[in-house]
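**Student:** This is the structure I have questions about; it appears just below.
The values are calculated or read from the model by the stated rules, or taken from the named source; none is laboratory data. Just so we're clear, the structure is a prediction, and the values are computed from it rather than from any experiment. With ideal geometry, Cβ positions are generated from the backbone for all residues, glycine too; neighbour counts draw on all protein chains shown. Accessible surface areas use protein heavy atoms only, side chains included; no ligands, DNA or RNA. Shrake-Rupley method; radii C 1.70, N 1.55, O 1.52, S 1.80 Å.
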Number of protein chains: 4
Amino acid sequence: MIRFENDYAEGAHPRILKRLLETNEEQTPGYGADEHCEKAKTYIRKACDIEHADIHFLVGGTQANTTIIASILRPHQGAVAAITGHIAVHEAGAIEATGHKVLTLPSDDGKIRAEQVREMVDNHWNDAAHEHMVQPGLVYISHPTENGTAYRRSELEALSKVCRESGLPLVLDGARLGYGLVSKDSEVTLADIARLCDVFYIGGTKIGALCGEAVVIVNEALKKDFRYAIKQKGGLLAKGRLLGIQFETLFEDGLYHEISSHAVEMAMMIREAFREKGFSFRYDSPTNQQFPILPNQILSELSKTYSYSLWEKFDAEHSVVRFCTTWATKKENVERLIADIKAL
Amino acid sequence: MIRFENDYAEGAHPRILKRLLETNEEQTPGYGADEHCEKAKTYIRKACDIEHADIHFLVGGTQANTTIIASILRPHQGAVAAITGHIAVHEAGAIEATGHKVLTLPSDDGKIRAEQVREMVDNHWNDAAHEHMVQPGLVYISHPTENGTAYRRSELEALSKVCRESGLPLVLDGARLGYGLVSKDSEVTLADIARLCDVFYIGGTKIGALCGEAVVIVNEALKKDFRYAIKQKGGLLAKGRLLGIQFETLFEDGLYHEISSHAVEMAMMIREAFREKGFSFRYDSPTNQQFPILPNQILSELSKTYSYSLWEKFDAEHSVVRFCTTWATKKENVERLIADIKAL
Amino acid sequence: MIRFENDYAEGAHPRILKRLLETNEEQTPGYGADEHCEKAKTYIRKACDIEHADIHFLVGGTQANTTIIASILRPHQGAVAAITGHIAVHEAGAIEATGHKVLTLPSDDGKIRAEQVREMVDNHWNDAAHEHMVQPGLVYISHPTENGTAYRRSELEALSKVCRESGLPLVLDGARLGYGLVSKDSEVTLADIARLCDVFYIGGTKIGALCGEAVVIVNEALKKDFRYAIKQKGGLLAKGRLLGIQFETLFEDGLYHEISSHAVEMAMMIREAFREKGFSFRYDSPTNQQFPILPNQILSELSKTYSYSLWEKFDAEHSVVRFCTTWATKKENVERLIADIKAL
Amino acid sequence: MIRFENDYAEGAHPRILKRLLETNEEQTPGYGADEHCEKAKTYIRKACDIEHADIHFLVGGTQANTTIIASILRPHQGAVAAITGHIAVHEAGAIEATGHKVLTLPSDDGKIRAEQVREMVDNHWNDAAHEHMVQPGLVYISHPTENGTAYRRSELEALSKVCRESGLPLVLDGARLGYGLVSKDSEVTLADIARLCDVFYIGGTKIGALCGEAVVIVNEALKKDFRYAIKQKGGLLAKGRLLGIQFETLFEDGLYHEISSHAVEMAMMIREAFREKGFSFRYDSPTNQQFPILPNQILSELSKTYSYSLWEKFDAEHSVVRFCTTWATKKENVERLIADIKAL
């Protein structure tokens, strides 16, 4: 079975494991106060072209989202998000568990638009009963989105502008950030993100690490006491070096970019093959997740050799499925898949 | 500098890293549904001599405590704990952040006694205003405690009895469990714990793993929907295998016991050296943490070669310090320390 | 100005004030342990034709909803509600503040249907990733709804059936319950509600009281420790008699029914007047709130003499407005309004 | 039976009821936007000798404490309080339910001292692991305390100074504030409190009202969005006038002072009688609650005619009991009690 069902099926990129091995006997201070964490932060600040960001390493995405959002909001505020956003759907109510509503905006492709945010904010303040309602307190977006789509720079700039005009921090969930950064369609760079967002994180788990997300706090006002927040939400690892060493390896000489590029290249090959065969896609994704709409008959054929995940029923005879690629996706396997698609 | 300041200064036991390397290319399902997690669970159930426990792997201790306690309690209930307990002092209010008070009992050595629990429970129900107060909802203990002390079997049995008579689940924090299990003073086995507690966890982070705690739910009534709780509290790793592989390695052929024994053996050597020299101890610890009370002058001498952590001021001229040992503590370094103690 | 804008513009029904005056010097135990509370409970149990319900008096609707829902749900569960439900829109995130998501169902008239609940529950359990999502934990409905509409007995029976088959308590918000009970369209009695719901409350604030809602817990499993919940949520009044005396007065000889009937009778007269004049309604309400769709020009005419509340914009030239009636609505004022409508 | 057991046994002061009656037919806007609330605020600002305080009316003390504290703190912060403080003991975990720990200081008389606060704050910041601990976020005191004792002006000034130097808002629970203000020992005025505290509330429930506490927010930084907080915690009454009318009556021409003075005068008579007879007191209370230590034999004698509440066991033969007085305490009953004490 050749697996395309998700982007977390293997362990870590070999260079990460190698580094863990090399550094294993080193004795370091705990809780992220070690030199590997420091180096990783320096590399990341440089990659973001920003001098003064605070950087913290957390284990996973739900933890990062919860810690960030609970740290920013006052009790009567909510997080504005796409109705498809990870915090709205797939975190088992983690945000609500910290006391906050997720205020959802409709979205067909996973993205939200600046005008939608402006309208929601205006509606809130124009409502005579606004004190009876949850106040928008920040805006949460994913880039790339859960549907593989990516924001264009102009879209991100427009969102950032509305957020700043409305006094709402813009929080970017970058669980798959690398795939967005290398996408050919995208003009959005790490420096753009650091410039336009207040807090964001650089996903490691789905881009070659065993685990780990690097939270970057750009907005000075949001930096205070964040380590208390991490500790309280259970995210402060005694052996914090585990995360520092991984991000050090990913960012010291371009491995993060290399992994992301490979995965997206593989995904584009798969996309092209389905497209040439005349299949359409549920979302127009320029990243490592592809969502072709396929006849069920063809799917049962493909599933003999390949695993993918079932996304949703499309109609009586078609389904939307998801093919994912990673650092570990072998070109020969992709070529075999392409040949099989052609032969359908 | 030879370091004794904590038990999380190095990476993982080499056999764990080796196994991570060997399995790295395997493709496995995510979120802990892989075979390594399954095997680890089987080994742990066997070590606990129990057939039907539910086992879940979490990343760290604060996360484990929070997830367990929030899953058990109703909103008006609190967790009974020693005033020195980790949840009462060193989790940045993680339990309160889930809505629950920690109801503290005085303790000089980190342990609580059955009679204390009974008295607190009786006082609650005998108070005419009990509906205005937080209801005791579970009992939390650490074994070994944060002070290195360990429960005797009879103490644990008495606590368990009171808890069952009062309808309170008994939750055991085993962040350093191995060190308690191998202690010569201790008669408490994993099977005892599984028999006497409702939920407990087996610490990995401080006993040779990169990270990870194995939560064992024995009480049938507390098993339901625990994976939702893990997800909500940010503890469900996409690459859950990271934890499964580590516990598989620790429990398949006695590595957990081996690591714990080595560390406690080293600690006993250090204890003996201080004792022979006439120093006394803040706590009578039979485990890997030792708390000698030393003259400040001697400390400044020792600190040229050895690191330890400052625990608390004892009097104008003495301090309580902590020496920790682990799998990575080298016998030659311990011997050198002992020689230096003798030469004081 | 003759006011129809809401149903809480005046104080209390005179018979309630009179009773407060008569009983003022009595010395009673605090926190709802007085005889007036006991009598009120007896009257309410009789009105519900149920022997063993637990009854508690709370001050307001948001408080009642929050206390009930937080008491029932486990942390990973949410409350299923209409997207227009009070808890989903107008409680400033009170439910989320206790850690729970409100899982919304679309609704055009404020009601939800049994099939919608069944579908949501089925979808949850059929989703492979359900442990990553908020689990439906109870169903919340309002009767009458925030839009004045009322459930038919068959609708309530169907909802109750789905809830019981799914293991979900059915919670009914009866902030305006009296108006539903006396509505000519309605076949739903208090006994029906007590038979079909697990917890509900009988609104006092909007039906003649100064403040107060009577929470009725029918389901045995949900009764335990509810007074702790009230205390924790700030709802346990030292002078609990204030609520007991009011509900005693409302239920000892039919005042609750009398007040409700008068208000609905007045509302039906207003409805008929608008209808005869050819206006249509945003919701088909058989209760004390009427939502005619009126030309803006006519509204500016009416607003010289009458107050109403603006509900929503309908189109460029029409608005939906709300006219409310209460015990204090004078027939002569209603007749004057009708005359003015006829003269438009 | 002549009752002294608490200060909430009767309804409201007759002038309050009279005013409710007089205003009952008035039609007013809901949710505290009525003229009575406005007038009450004006009177209270004048009594506090402060121009710009925000004032809000809540129903009860637990609700006020919870709403205030949850509105001020960030998630990792706790409320510093006496171990005997109402929020620490008698609110069923209401503060914890909003996510915050109560950080307790020892106290024998219900008061805390400036030096205790300074030491706790210093200890926090000096602890290398402070990010693993709950950060002190505000200081909560009661005046008079739960034990009847009252702060002296110098004590309050010292507390205020430490709080301001440490950046901690000082919150004063004034559930029985009037009794402190009129106490002969006290030099603390409403203006002092408004000058020295950041937020406080003026209790109504225990000083002549049916229910109600007036929250006064002096600190500009804490005013923002407080009405959202009230709504979310279930405290925004539809008929907010109920509270406004009561505080208008209490503050328009000195009724609050008059009620408080009468009660304290009665209490002083009782105190003197016990003192003359040679009995001592558990707390030295200059307010409406008296805590004599009495032989059990004498108590059983007194309990034939008088009710009081049992506070705690003192020794095998003595108990601490509480006698309370209010606006409704009749001088003739107090005189009868005194005669009976003398005759013991």
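**Student:** GluC sites (Glu not before Pro) within region A:169-243: which are DSSP loop residues with at most 15 other Cβ atoms inside 10 Å?
**Tutor:** Hits after loop and neighbour filter: A:E187.
**Student:** Quick one: ranking A:K231, A:K46, D:K330 by accessible area, 1.4 Å probe, largest first, what do you get?
**Tutor:** If we order A:K231, A:K46, D:K330 from most to least accessible, we get A:K46, D:K330, A:K231.
**Student:** Test of the criteria: in region D:241-281, which GluC sites (Glu not before Pro) are in a DSSP loop and have at most 14 other Cβ atoms within 10 angstrom of their Cβ?
**Tutor:** none
**Student:** What number do you get for region A:37-186 when its Cα radius of gyration is normalised by 2.2 N^0.38 Å, N = residues?
**Tutor:** Normalised Cα radius of gyration, region A:37-186: 1.06.
**Student:** Would you work out what percent of the accessible area of region D:14-254, with all protein chains in place, is carbon or sulfur (probe 1.4 Å)?
**Tutor:** Carbon and sulfur: 50 percent of the exposed surface of region D:14-254.
**Student:** Now, a different point. Among DSSP beta bridges whose residues both lie in region D:14-254, state the antiparallel percentage, nearest 5.
**Tutor:** 40 percent
**Student:** Can you list the residues, at least 5 places off or on another chain, whose amide H is less than 5 Å from the amide H of B:K101, using H built in the peptide plane?
**Tutor:** For B:K101, whose amide H was placed from the backbone, the distant partners under 5 Å are B:A79.
**Student:** Could you run the Karplus curve 6.51 cos²θ - 1.76 cosθ + 1.60 with θ = phi - 60° over region D:148-160 and give me ³J(HN,Hα) per residue in whole Hz, x for Gly and Pro?
**Tutor:** Result, ordered by residue: x, 6, 10, 6, 7, 4, 5, 5, 5, 5, 5, 4, 4 Hz.
**Student:** Report the rotationally averaged projected area of chain A based on its alpha-carbon convex hull, in square nanometres.
**Tutor:** Result: 17.9 nm².
**Student:** What are the ³J(HN,Hα) couplings of region D:127-137, residue after residue, when phi is run through the Karplus curve with 6.51, -1.76, 1.60 and θ = phi - 60°? Round to Hz, x for glycine and proline.
**Tutor:** Each residue of region D:127-137 in turn: 7, 4, 9, 4, 5, 9, 10, 6, 7, x, x Hz.
**Student:** If only Cα atoms are counted, what is the Rg of the protein assembly as shown, and what is its Dmax, in Å?
**Tutor:** Reported Rg and Dmax, both Å: 33.2, 111.
**Student:** Right, another one. Of D:K239, C:K331, D:K184, which has the most accessible area with a 1.4 Å probe, and how do the rest follow in descending order?
**Tutor:** Most to least solvent-accessible, the answer reads D:K184, C:K331, D:K239.
**Student:** With θ set to phi - 60° and the Karplus curve 6.51 cos²θ - 1.76 cosθ + 1.60, what are the ³J(HN,Hα) couplings of region D:266-276 in order, to the nearest whole Hz, using x for Gly and Pro?
**Tutor:** 4, 5, 5, 4, 5, 4, 4, 4, 5, 4, 4
**Student:** What is the magnitude of the charge dipole of region C:14-253 about its Cα centre, with +1 placed on the Cβ of each Lys and Arg, -1 on the Cβ of each Asp and Glu, and no other charges, expressed in debye to the nearest 20?
**Tutor:** It works out to roughly 360 debye.
**Student:** What would the Debye formula give as log10 I(q)/I(0) at q = 0.15 Å⁻¹ for the alpha-carbon point model of region C:270-344, no solvent?
**Tutor:** Results for region C:270-344 at q = 0.15 Å⁻¹ read -0.46.
**Student:** Now for a separate question. Given Cβ point charges of +1 (Lys, Arg) and -1 (Asp, Glu) and nothing else, what value in debye, to the nearest 20, does the dipole of the protein assembly as shown about its Cα centre take?
**Tutor:** In debye, rounded to 20, the protein assembly as shown gives about 0.
**Student:** Then there's this: How large is the Kirkwood hydrodynamic radius of region A:1-99, in angstrom, based on all distinct alpha carbon pairs?
**Tutor:** 17.1 Å
**Student:** With springs only between Cα atoms under 10 Å apart, run a GNM on chain D and tell me which of D:Q27, D:Q246, D:Q289 wobbles the most.
**Tutor:** D:Q27
**Student:** DSSP loop (so not H, G, I, E, B), at most 14 other Cβ within 10 Å: list which GluC sites (Glu not before Pro) in region D:1-81 pass both filters.
**Tutor:** D:E25, D:E26, D:E51
**Student:** Okay, next question. Return one whole number: the accessible area per residue of the protein assembly as shown in Å², for a 1.4 Å probe.
**Tutor:** 35 Å²
**Student:** At q = 0.16, 0.18, 0.20, 0.21 Å⁻¹, what is the log10 ratio I(q)/I(0) for region A:148-301, with the Debye formula run over Cα points and no solvent?
**Tutor:** Reported log10 I(q)/I(0), two decimals: -0.99, -1.14, -1.27, -1.33.
**Student:** Distance between Cα centroids, region A:292-323 to region C:204-226: provide it in whole Å.
**Tutor:** 51 Å
**Student:** Could you tell me the total accessible area buried at the C-D interface, probe 1.4 Å, in square angstrom to the nearest hundred?
**Tutor:** Buried: approximately 4000 Å² between D and C.
**Student:** Shifting gears a bit: What residues from region C:234-270 fall in the zone where the backbone N is under 18 Å from a label point 7 Å along the Cα-to-C-beta line of C:K331?
**Tutor:** C:257-270
**Student:** A further question on this structure: Give the long-range amide H neighbours of C:G32: residues separated by 5 or more places, or on another chain, with amide H under 5 Å away, using H modelled in the peptide plane at 1.01 Å from N.
**Tutor:** Close amide H contacts, sequence-distant or interchain: C:G240, C:R241.
**Student:** List for region D:65-95: residues with 30 Å² or greater reduction in accessible area, all protein chains versus chain alone, probe 1.4 Å?
**Tutor:** Residues of region D:65-95 that lose at least 30 Å² of accessible area once the other chains are added: D:S71, D:R74, D:P75, D:H76, D:V89, D:H90, D:A92.
**Student:** For region B:215-344, taking Cα atoms only, what is the radius of gyration to one decimal and the Dmax to the nearest whole Å?
**Tutor:** Every Cα atom of region B:215-344 included, Rg and Dmax give 20.0, 58 Å.
**Student:** A further question on this structure: Place a +1 charge on the Cβ of each Lys and Arg in region C:195-265 and a -1 charge on the Cβ of each Asp and Glu, then give the dipole magnitude about the Cα centre in debye, rounded to the nearest 20.
**Tutor:** Charge dipole, region C:195-265, about its Cα centre: 500 debye, nearest 20.
**Student:** Ok, one more. Amide H of D:R3 versus every other amide H placed in the peptide plane: which residues, excluding those fewer than 5 positions away on the same chain, fall under 5 Å?
**Tutor:** It is D:S307, by chain and number.
**Student:** With bins 10 Å wide starting at 0, give me the P(r) of region B:100-224 over every alpha carbon pair, in whole percents.
**Tutor:** Calculated P(r), rounded to whole percents: 13, 43, 33, 10, 2.
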